[in-house]
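The values are calculated or read from the model by the stated rules, or taken from the named source; none is laboratory data. Just so it is clear, the structure is predicted and the values come from calculations on it, not from any experiment. Cβ placement follows ideal geometry from the backbone for every residue including glycine, while neighbour counts extend to all protein chains displayed. Accessible surface is based on the protein model in full, side chains and every heavy atom, while ligands, DNA and RNA are left aside. Shrake-Rupley method; radii C 1.70, N 1.55, O 1.52, S 1.80 Å.
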Amino acid sequence: MRISCPFCGERDHSEFTYGGDASVTFPELDASLEEWNDAVYIRSNPKGVLREKWHHSGGCRIWLVLERDTLTHSISQVEPARLTISELVK
């Protein structure tokens with residue numbers, strides 16, 4: 001699988017570390033243990049296009065969000081996980 005990093009260009013997936021489902025929302029810090037357990041460990045594992053977090057650990061060390069089809073491994077979108085400073089000050 002090849003991933004096109006927006007900063008480094010196309011690279012082999014071995015340069016990246018999977019960071020989990022990007023669609024998970026975490027509860028408030030004072031939420032119950034059951035809510036935290038569900039947020040951290042419970043996943044539905046659907047097939048098809050998912051948003052995932054990947055860390056370019058062997059390159060620019062930026063966290064990315066990919067839209068990847070889990071059946072074909074085709075990647076339809078790659079973007080930085082956080083806004084850049086120029087986007088924050090708009």
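Just for the range 8-53: of the residues that are among the hydrophobic types (A, V, I, L, M, F, W, C) and under 16 Å from the mean Cα position of the chain (by Cα), which one is most open to solvent (accessible area, probe 1.4 Å)? Outline the logic, then answer.
Residues of the range 8-53 that are among the hydrophobic types (A, V, I, L, M, F, W, C), as a first pass: 8, 16, 22, 24, 26, 29, 31, 33, 36, 39-40, 42, 49-50.
Restricting the remaining residues to those that are under 16 Å from the mean Cα position of the chain (by Cα) gives 16, 22, 24, 26, 39-40, 49-50.
Values: 16: 17, 22: 33, 24: 35, 26: 110, 39: 11, 40: 66, 49: 94, 50: 44 Å².
So the residue we want is 26.
For the range 79-87, does any single residue satisfy the condition of being at pLDDT 95 or above, within 19 Å of residue 3 (Cβ to Cβ) and surrounded by 10 or more Cβ atoms within 10 Å (Cβ to Cβ)? Break it down stepwise before answering.
Step one: list which residues in the range 79-87 are at pLDDT 95 or above, which gives none.
Within the range 79-87, not a single residue is at pLDDT 95 or above, within 19 Å of residue 3 (Cβ to Cβ) and surrounded by 10 or more Cβ atoms within 10 Å (Cβ to Cβ).
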